[in-house]
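Quick note: the coordinates plus some simple rules give every number you see, no bench work behind them. As the structure is a prediction and not an experimental result, all values here were calculated from the model. Quick reminder, even Gly has a Cβ in these numbers, built from the backbone with ideal geometry, and neighbours come from all protein chains shown.
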2 protein chains.
Amino acid sequence: MNARPARTSARSVDDYRETIEALLRPLAARATEAVAVPESLGRLLAADLRSPVELPVFRNSAMDGYAVRAASVVVAPVTLPLAGVIAAGQDGRAPLPDGAAVKVMTGAPIPPGADCVIPVEDTEADGATVTVLRGRSSGEFVREPGTDVKVGELLVPANTVLAPRHIAALAAVGLARVPVFAPVRAAIVTTGDELVAAGEPLRPGQIYNSNGIALAAAARADGVAVVSVAHSVDDPRVFRDLLATATRSADVVLTSGGVSKGDFEVVKDVLAPLGGVFGSVAVQPGGPQGLTVLDGVPVLSFPGNPVSTMVSYEVFARPVLRELAGLPPVTVRAERLVEPVRSPAGRRQFLRGRLTEAGVESVSGPGSHLVAGMAWADVLIDIPAEATDLPAGATVHVRVL
Amino acid sequence: MNARPARTSARSVDDYRETIEALLRPLAARATEAVAVPESLGRLLAADLRSPVELPVFRNSAMDGYAVRAASVVVAPVTLPLAGVIAAGQDGRAPLPDGAAVKVMTGAPIPPGADCVIPVEDTEADGATVTVLRGRSSGEFVREPGTDVKVGELLVPANTVLAPRHIAALAAVGLARVPVFAPVRAAIVTTGDELVAAGEPLRPGQIYNSNGIALAAAARADGVAVVSVAHSVDDPRVFRDLLATATRSADVVLTSGGVSKGDFEVVKDVLAPLGGVFGSVAVQPGGPQGLTVLDGVPVLSFPGNPVSTMVSYEVFARPVLRELAGLPPVTVRAERLVEPVRSPAGRRQFLRGRLTEAGVESVSGPGSHLVAGMAWADVLIDIPAEATDLPAGATVHVRVL
């Protein structure tokens, strides 16, 4: 006799997703590491960063021009003796002689005594003197220390994903290394006697293993470090050994296959006795799901049809993994159906769809084996559990892939 | 005497950007390389990929259940002898005996002679026989070969940035390696005697070098391979040597500093005699710009103030580099100004801005040295060259950083 759970016993998508999220969210407090600033692009900052210096570090010139006392150029034109030249990077600590000018390059220190800079465009020079054609007020074209950032001031707050503009600021204050969160580490274990690695010849009954490669790519795209991708034949000892390795090195384990109602469900057979909960979620594709905490590590067990695996990842794992990586949430928006859609009652359905000028159309069929067709989709069309017939023009939510 | 180019001689932002784009676009025909499918995430596909196999590869079951002839189950319930079990991965070439059933798992081959699958939920079995409670028509729950993709059918078109769903499809048809474009290679050469590497102590007049690190991060974020980041003191021989190295290994060279009106403009001094065009673009920050083709390699010379460098990259280099990497264009959208803005006449201004509920507000000041302040910006506010006073509530375009 086969168990026949009533449809109503299936958990809702949101309920199941929230269960997974509650298991994974504690990873927000995971380990941190120090990385070199030039290698920090896209990393999630683990602490508030305050500036160890003030910027500008010293009074400097905003222009190529002449540093003078504003009092010397109140009446213009006026010709002043030239007391020297300060290039960017030079010391610039010699005071400006009374009534003189010093040539300064952009970024060069302003000599003590000078309080404004006359842009080179407003001058005429002959080597010994400079004629200032237009006067300036005290402070003009002078960059004062600390006007960009002060010592101890917040530069970049914790939980920022470091973008080039943040990295520019960190480099400008001389920080060499910054604390970032280690990425969440995922291990992937696919199962199935029928699966063969790419490049191998197919014997009758065999297919290529796409789930390991596809789950690894999806996790990486969401900021996860994929520490291993292993494949298990449908032998409980082999699967159990691979799982033990996976839980030793990863924060979360993703498995595919072996969770359904067949005679050889290696994932369910191994994990259910270890406390795994295997059951039905009211979703299509991806109905059979398993969830186990093994050696303290959450193990998410997705069904093995390639589209089921990817939709399960997308719906149940991706939102929380992106949250943990500090990445923007999955984009969900309303679109109009280009054509009518039928859907089974009682199950939320995620159809592969493509955006067009007119709205969203489904691509490929609903079959969970249509993995090539999925490549043409750019969204998942989210059909509510209670909808069975949606007319063309109906508004649906789509999740952008 | 100093040259004083009239403001009207400055080139427009769009004109200058288009000149740079015309120089860089031929890189769309750059070298390709073969990468392993699991390493192909985010790479730009260099050729149409057609399927070397059909999917499904063989007739297989969409369900855990019993493969039968539909003719045997026209009248249900009906009890059939059980002729065996076919698991996924098994051969499945033995024909179905007349009037019998074979147990099949999802993905298992359908034996010759069977033409539909009865889901396990609609059966009762005792080991020797199976009772089918509900009949099915020919074809139900049978996946026919080639219904997902046929041999030679387009799987993923050239110029696709490979996402997990594409990688799933490539893996499913057994492709091990795929042709992708090599990334555009950039070399970065910063200049300035005043610049010191992070971690070193600052002497008077010195500042930390942020431009090399920031430009490298920005280029990497746009899919560019940064092959070198070098710094040159303001010595023409040193700069010339570093440039020669850069042009040997890169498709494009970015320099910062040394392009303005000072006495020690090493970039302009070296490159202008080699055919470089140095002049003024009607933009703030980032007015002084240089463009050279050296040893066949475009050299984009940005001014050295950190904000000028980054805005120059953003406005002149980023759009075409993203296009070459197959990445989506920079997002530009209309926003309302939260506060009034003043801008110099005749120059398009890019202010650092931050989005709020009420619209966009400027952060930090307009000064091109305010690199720490730039970290708080999430957009550049694009103020047209002709605008001098924009009131609060005015609509402006912003470029999302």
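Express as a percent, rounded to the nearest 5, the fraction of DSSP beta bridges in chain A (both residues included) that run antiparallel.
Looking only at bridges with both residues in chain A, the antiparallel portion is about 70 percent.
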Net charge (Lys, Arg +1; Asp, Glu -1) of residues whose beta-carbon lies under 11 Å from that of A:Glu265, A:Glu265 excluded, is -2
Net charge near B:Ser364 (other residues with Cβ under 9 Å of its Cβ; Lys, Arg +1; Asp, Glu -1) is 0
One checks the Cα atoms of the protein assembly as shown and finds Rg and Dmax, in Å, of 32.8, 114
Summing -39500 (n - 2.57) over every DSSP H run of at least 4 residues in the protein assembly as shown and dividing by its residue count gives a helix-only mean residue ellipticity at 222 nm, to the nearest 500 deg cm²/dmol, of -5000 deg cm²/dmol
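Over all distinct Cα pairs, what is the inverse of the mean 1/r for the range B:127-275, reported as the Kirkwood hydrodynamic radius in Å? Before the final figure, lay out the partial values.
Numbers: mean 1/r = 0.0483 Å⁻¹.
Over the range B:127-275, the inverse of the mean reciprocal pair distance is 20.7 Å.
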Averaged over the residues of B:257-270, the number of partner chain Cβ atoms within 10 Å of each residue's own Cβ comes to 3
Magnitude of the Cβ-charge dipole (Lys and Arg +1, Asp and Glu -1) of chain A about the Cα centre, nearest 20 debye, reported as 640
The correct pair for the range B:332-400, radius of gyration to one decimal and Dmax as a whole number, both in Å and from Cα atoms, is 10.9, 31
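Could you tally the net charge around A:Val130, taking each other residue with its Cβ under 14 Å from the Cβ of A:Val130, Lys/Arg +1 and Asp/Glu -1?
Working: positive: A:Arg69, A:Lys103, A:Arg134, A:Arg136; negative: A:Asp64, A:Glu121, A:Asp122, A:Glu124, A:Asp126, B:Asp263.
Value of the local net charge: -2.
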Exposure-ranked with fewest Cβ neighbours within 10 Å first, A:Asp382, A:Asp241, B:Asp193 stand as A:Asp241, A:Asp382, B:Asp193
Rounded to the nearest 10 degrees, the helix B:211-221 long axis (Cα) sits at an angle to the longest Cα principal axis of chain B of 30
Taking only the Cα positions of the range A:12-51, the convex hull volume per residue in Å³ is 103
So, in nm and shortest first, the distances from B:Leu327 to its counterparts in the other copies, with label points 7 Å along Cα→Cβ, work out as 1.5
Distances in nm between the label point of B:Asp98 (7 Å along Cα→Cβ) and its equivalents in the other copies, shortest first, are 12.6
Rounded to one decimal in Å, the inverse mean reciprocal Cα-Cα distance for the range A:87-203, i.e. its Kirkwood radius, is 20.4
Semi-axes in Å, largest first, for the range A:60-143 (Cα gyration tensor, √(5λ)) are 17, 13, 12
Whole-Å distance linking the alpha carbon centroid of the range B:187-227 with that of the range A:353-401 is 47
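What is the average number of partner chain Cβ atoms found within 10 Å of a Cβ in A:101-109?
Values: counts 0, 0, 2, 1, 10, 13, 11, 5, 4.
Mean shielding by partner chains, rounded to a whole number: 5.
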With the label set 7 Å along Cα→Cβ, A:Val233 is separated from its counterparts in the other copies, in nm and shortest first, by 6.8
Longest principal axis of chain B (C-alpha) makes with the long axis of helix B:236-249 (C-alpha) an angle, in degrees to the nearest 10, of 20
Largest first and rounded to whole Å, the semi-axes √(5λ) derived from the alpha carbon gyration tensor of the range B:170-247 read 36, 16, 8
Sorted by chain and then number, the residues having a modelled amide H within less than 5 Å of the amide H of B:Val151, at least 5 places away or on another chain, are B:Glu54
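Please arrange B:Ile167, A:Ile207 by counting, for each residue, the other beta carbons lying within 10 Å of its beta carbon, fewest first. Don't skip to the end; give the middle numbers.
Working: B:Ile167 30, A:Ile207 25.
Least crowded to most crowded, the residues run A:Ile207, B:Ile167.
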Taking the protein assembly as shown, the lysine pairs whose C-alpha atoms sit under 24 Å apart (8 or more places apart or on different chains) add up to 4
HN-Hα couplings for the range B:272-279 via Karplus (6.51, -1.76, 1.60; θ = phi - 60°), in whole Hz with x for Gly/Pro, come out as 4, x, 9, x, x, 9, 10, x
So the FRET efficiency between B:Asp15 and B:Ala47, C-beta based with R0 = 35 Å and rounded to 0.05, is 0.50
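How much of the DSSP beta bridge set in the protein assembly as shown is antiparallel, as a percent to the nearest 5?
On the way: 112 of 162 bridges.
If we restrict to bridges inside the protein assembly as shown, about 70 percent are antiparallel.
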Taking A:Leu80, A:Leu351 and counting other beta carbon atoms within 10 angstrom, the fewest-first order is A:Leu80, A:Leu351
So the angle from the long Cα axis of helix A:13-24 to the longest Cα principal axis of chain A, reported in degrees to the nearest 10, equals 60
Rh_Kirkwood(chain A) over Cα pairs, Å, one decimal, evaluates to 25.9
